[in-house]
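Engineer: Got a structure for you, written out below as structure tokens; questions coming shortly.
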Amino acid sequence: MMQIHISSQTHVRYKQLDSLRGLAALCVFFSHCFITYNLNGSWIKILMASPLGILINGRAAVMFFFVLSGFVLSLPYIYGERPLKLIEFYIKRVFRIYPAYLAIILIAVLLKTFIYDDNAMFPFSEWIKEFWHWEWNSSYFLETIKTFLLIGPNFNADLIDPVIWSLVVEMKMSIILPFFIIIVSRSNLTFNILFFILVLALIYNHQTGFLGVFYLGILSAKYKEQLSELVRSWSVPFVLFMLAVALFLYNVSYEFFKPYGDRAHPFAYFWRDYLNSIGGTIIIIIAIARKRITSFFDVPVFTFIGNISYSFYLFHVPLLITICSLISAKLGGSRFYIFGSTLLLSVSLSYMSYRYIELPFQNHAKSFIKKIPGISRLHI
């Protein structure tokens, strides 16, 4: 049985993981720009199945976000040295997710109402033309309220900002994640693996089966010391080989499922998502274990992208839709101008959101918790 070695500094902030989150957000952006146009031809399939396919594999990037959330959120508590204060955990998650989200959704509604031109979207793909067709009435007003709250029966995640489906998953997982953190932290390796298999069996036939992806991140956090020691014992050629394996798994939806039929099995998405997640997990462990890789990602440009990644992820699709409608009318849908202006505007607005919304509200959460002592008493 694996023996758990507890470091004297169990809760460390890994800047390289912030950088990886930022790069994953960029890949989601690239994928959405890519599918905005009706691109076809044999070179497209070759590109998607090649290592460059990871740059436009948005689904795999979201699975990476989920693994990373499970990993990062569990780190402070996974060794049992710090009590998991339930209400405090929930408050921090709400203050982390909602403020920037509400501001960006409001901006998206304003863009849709006053700037977006539906008639100018004809040069683009059916994917992007599916959005923002609605007009203001009582029904869509109610749907908009649901969007702002991120809750509601028959919630339409595509109404304003299509990427928020993953935030719905994040919020749902945030409710139950503390209990899984405690289960993993208090159990041995055998039980944790068996419990992981049980989770996979229970969610297999459900399209919202992302719990196991988060659980994989929690497991990685629990055994990161042992896994890191293992990775550090590898030779450089073997590290490169394992990185290649990780990238293959990460991009398996393009390398295998796309060419041979993503819908060949009714739950093919399940295997696709979990193979993506295993690839992402290997990347995470290698990134924190190998100093050269750590130093590569721990540079200002990657750190900056990582810092703004949450707001960037939320901003880019509303801006892409708006800019497509504007540039289509004036410049014939120029790909270069659409890509460049969307990227520049997304980065600029995301930095402002990070600087003036995300950081202040994270500090407000800490102040709010300190003002109400009873919040810290409930822990598991």
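Quick note: the coordinates plus some simple rules give every number you see, no bench work behind them. Everything numeric in this text was worked out from a predicted model, so none of it was measured. Backbone-built Cβ (ideal geometry, glycine too); neighbour counts: all protein chains shown.
Engineer: Between ASN363 and ALA120, what is the label-point separation in nm under the 7 Å Cα-to-beta-carbon projection?
Structural biologist: About 3.9 nm, to one decimal.
Engineer: Then there's this: Let me spell out the model: positive unit charges on the Cβ of Lys and Arg, negative unit charges on the Cβ of Asp and Glu, origin at the Cα centre of the chain. What dipole size does that give, in debye rounded to 20?
Structural biologist: Around 1080 debye, computed over the chain.
Engineer: Each residue of region 284-296 in order: what ³J(HN,Hα) in whole Hz does its phi give by Karplus 6.51 cos²θ - 1.76 cosθ + 1.60, θ = phi - 60°, with x for Gly and Pro?
Structural biologist: Each residue's phi maps through the Karplus curve to give 4, 5, 5, 5, 8, 9, 9, 4, 5, 5, 4, 5, 5 Hz.
Engineer: Applying 1/(1 + (r/R0)^6) with R0 = 56 Å to the Cβ-Cβ distance of LEU345 and SER235, what FRET efficiency is obtained, to the nearest 0.05?
Structural biologist: Calculated transfer efficiency: 0.80.
Engineer: Using a 10 angstrom Cβ neighbour count of at most 12 plus a DSSP loop assignment to flag exposed GluC sites (Glu not before Pro), which longest range of the chain is free of such sites?
Structural biologist: Result, exposed sites excluded: 136-380.
Engineer: Need the list of lysines near LYS291 for cross-linking: C-alpha distance under 21 angstrom, and skip anything on the same chain fewer than eight residues off.
Structural biologist: Result set, ordered by chain and number: LYS15, LYS222, LYS224.
Engineer: For the pair PHE336/MET352, report the inter-label distance in nm, with labels modelled 7 Å from Cα in the Cβ direction.
Structural biologist: For the pair PHE336/MET352, the computed spacing is 2.7 nm.
Engineer: Could you state the angle between the C-alpha long axis of helix 138-149 and the longest principal axis of the C-alpha atoms of the chain, as a value from 0 to 90 degrees rounded to the nearest 10?
Structural biologist: For 138-149 against the chain, the angle is about 30 degrees.
Engineer: Region 139-240: which trypsin sites (Lys or Arg not before Pro) are DSSP loop and have at most 16 other beta-carbon atoms within 10 angstrom?
Structural biologist: Here the trypsin sites (Lys or Arg not before Pro) that fit, given the DSSP loop and packing criteria, are ARG186.
Engineer: Contact order normalised by length for region 15-377, with contacts defined as Cα pairs under 8 Å and 6 or more residues apart; what percent is it?
Structural biologist: 33
Engineer: Output the 0 to 90 degree angle, nearest 10, between the alpha-carbon long axis of helix 335-353 and the longest principal axis computed from the alpha carbons of the chain.
Structural biologist: Taking the Cα atoms of the chain, the angle to 335-353 is about 50 degrees.
Engineer: Sticking with this structure for a sec: Calculate one ³J(HN,Hα) per residue across region 89-94 by plugging θ = phi - 60° into the Karplus curve 6.51 cos²θ - 1.76 cosθ + 1.60, and present them in order as whole Hz with x for glycine and proline.
Structural biologist: 4, 5, 4, 5, 5, 5
Engineer: Please give every one of the lysines within straight-line cross-link reach of LYS371, meaning a C-alpha to C-alpha distance under 24 Å, and leave out same-chain neighbours fewer than 8 residues apart.
Structural biologist: Leaving aside lysines fewer than 8 places away in the same chain, those within reach of LYS371 are LYS85, LYS92.
Engineer: If I model a spin label as a point 7 Å beyond the Cα along the Cα-Cβ vector, how far apart are those points for PHE148 and ARG292 in nm?
Structural biologist: If labels sit at PHE148 and ARG292, their model points lie 5.3 nm apart.
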